[in-house]
Every structure is written in C-alpha cells, then in structure tokens.
Amino acid sequence: MEQQNLTVLKEFILMGITDRPELQAPFFGMFLVIYAVSVVGNLGLIILTKVDSRLQTPMYFFLMHLAFTDLGYSTAVGPKMLVNFLVDQHTISYNWCATQLTFFNMFITSEIFLLSAMAYDRYVAICNPLLYTVIMSQRLCQLLVAIPYLFSVIFSLVITIKIFVLSFCGYNVIRHFYCDSLSLVPLLCSDTHEIKLLILIFSAFTLVSSLLIVLGSYMLILAAILRMHSAEGRHKAFSTCGSHLTVVVLYYGTLFFIYVQPKSKNSSDTDKMASLFYTLVIPMLNPMIYSLRNKMVKNALTRTLNMCANILLKIHCKIC
C-alpha cells in the first residue's frame, strides 16, 4: 500500500467531459471560443474600470473585482481542460491538482461574497441615494472586498492542506474535468469524516450567509420600489439592479441545481454540465450582462478605443 500511495501521489487521471473521441475536437473548439471571449471580456472590463475616470465609483469597483474573480476561476480550470481535449492521457500532476483546487476554491468563494457586497451596494444606491457616496466610502468598499478575499484564501488553503496531507488509495481517477474537493475525497484511504465536515461547514456558511445578504438587500429594495409613486422612478430603480439580479439568479440557480437535485446514475454527467456552466459560461456572460445594458460602460469603451486610435495615429505620423 505504501508503494502504491507513492505512485499515486505523482498524478491523477481526469475523466473529463466525455470519453467519446469524435466529440473531443468539437468540444475543444466550442470551449476555446467560450474561454477566449471570457478572458477578453473580463480583462477588458478590468482595464476599462482602471483607465476611465467616470467608472471610478463603488459599483464599478466591485464590478472590476467580480471580473477578476471570473477570470481567476475560469483560468484555473479552462486551460487544463482544453489541453486534455488534445491529448490521449488526461493526467494532472499531484502538485498541479493541489494548486488548481486552491485557486479554484479561492476565486469561486470570493465571487459568492462579492455578489453579496454588490447587492448591499445596490440597496444603498436605491434606498439611500442622497447618502450613497457617504456610506459607500472608499474604505468601506475596500473592506467589503478584502474580507471575502481573506476568508476565501483561508478556506481554500485549509481544505487543500487537509485533503493532500491524507493518504490516497490506488484508485486515482477523478470523476470530473478538474480537481474538485468533492471528487477527491472519495479517493482518500484515511478517515474522511473531518474533511467532509469542514467542507460542509465552510460551504454552508458561505452559501447561506451570502444568500441571506442578497435576499435581505433585495427585499428592502423591493419595498423601496413599491413605495415609489412615479413609474419613471421604479423603472430607473429596476434598471439599476437588473444586471446584478440577472447574474445572481444565474449563479445561485446553477449552484442550487448541483447540490439540491436528486442523485441518480446520470447525476455525475448532469453535475459536469452544470459545473461547465458556472466555471466557463457564467464568466463569459457576466461582462456581457453588465456591458450591453450599461451606457456608461459602452461610452467608456468608445472613449478608450478612440484614445487608443489617436495614440496609434500619432505614433504612425511620427514614424512617417
């Protein structure tokens, strides 16, 4: 058993999305496009909020960090998944598996709490518009971002260390397309009661606390909207939180679908599809949701592109 464990510790085998060879190339092309759009969209959103002075507000400060976490956890999973479509051996080294698990948990947990912070931001914007700039100060915004990052780092490190200090059995096949804690735990030979309890406590605290903040914020927002007398005011209030509400419904809806659905013989494939949606598709959709319906972002993009075009034109004129 000791020799077997030493061999297993070198690498794991990822089952991937499908074992059908004829689907490898189409899936590679499709997910390459999705990942590329996600990277361009989120990176573009981060750059826009940094370079455009009109986007230096609390809402876009949170949006920049949301784009950063989207980019983070999709990059933790996407490139390795794409490589596995092109090779015969879907292996991942022991160290890289631990690294992937750490960064994925860190970014996904940060995003959940960032959505809560954004819900609170929308609550203040709608329910206390005159005091918005006072309440949502730079210090508070930084605190609302720093706390999720700190908690997510602690959570991801604790889970990863607890899993990888234990002994793995000879069976090293991970029934997923990335290293996920719930897929790694069944491969352990040691007593898994403690690690399962830790995952349950951390996950329950993260989901329940963040969801309570989101639901509480939107209940207060709805109450404030119902008290408004003008149709124009209600429409403006709904448009203010419409993009965030769409993202929240997509994100939490996918997570609840994964954890609440009844388990069956096909549940593993269903979990993979749902995981694909929130690890790759949602990070691609978020920049579109926040940009296509947002005049400030579109105007900022136009100004930035014009500025870049003018710089290139000046360089060209100097060269000529």
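The values are calculated or read from the model by the stated rules, or taken from the named source; none is laboratory data. Bear in mind that the values here come from a model prediction, so they are computed numbers and not experimental data. Because the Cβ atoms are built from the backbone with ideal geometry, glycine has one as well, and the counts that use them run over all protein chains shown. The protein model used for the area step is the full one, side chains on, heavy atoms only, and it has no ligands, DNA or RNA in it. Shrake-Rupley method; radii C 1.70, N 1.55, O 1.52, S 1.80 Å.
Some notes on this structure:
- Per the listing Ser93, Ser152, Ser110, the residue uniquely within 30 Å of Ala224 (Cα to Cα) and small (Gly, Ala, Ser) is Ser110.
- Single residue of the range 248-304 satisfying the filter (among the β-branched types (Val, Ile, Thr) and at pLDDT 85 or above) that is nearest to Tyr178 (Cα to Cα): Thr279
Matching residues to (1) out of contact with any strand residue (DSSP E or B) (no Cβ under 9 Å at 6 or more places or on another chain); (2) not in a helix (DSSP H, G or I):
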site: Asp191; (1), (2): yes, yes
site: Ile195; (1), (2): no, no
site: Leu207; (1), (2): yes, no
site: Leu211; (1), (2): yes, no
site: Gly216; (1), (2): yes, no
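- Answer from Gln138, Gln89, Gln142, Gln100 - the residue that is closer than 22 Å to Asp70 by Cβ and surrounded by fewer than 17 Cβ atoms within 10 Å (Cβ to Cβ): Gln142
- Ala117 vs. criteria under 20 Å from the mean Cα position of the chain (by Cα) and open to solvent by less than 40 Å² (accessible area, probe 1.4 Å): yes
- Qualifying residue in the range 152-159 (condition: polar (S, T, N, Q), assigned to a loop (DSSP other than H, G, I, E, B) and either farther than 27 Å from Ser291 by Cβ or open to solvent by less than 30 Å² (accessible area, probe 1.4 Å) (or both)): no
- Residue list for the range 171-191, filter: free of Cβ contacts under 8 Å to residues at least 12 places away in the same chain and touching a His at 6+ places or on another chain (Cβ under 9 Å): Ser183
- Residues satisfying the stated conditions in the range 6-17, i.e. surrounded by 14 or more Cβ atoms within 10 Å (Cβ to Cβ) and modelled with pLDDT under 80: Val8, Leu9
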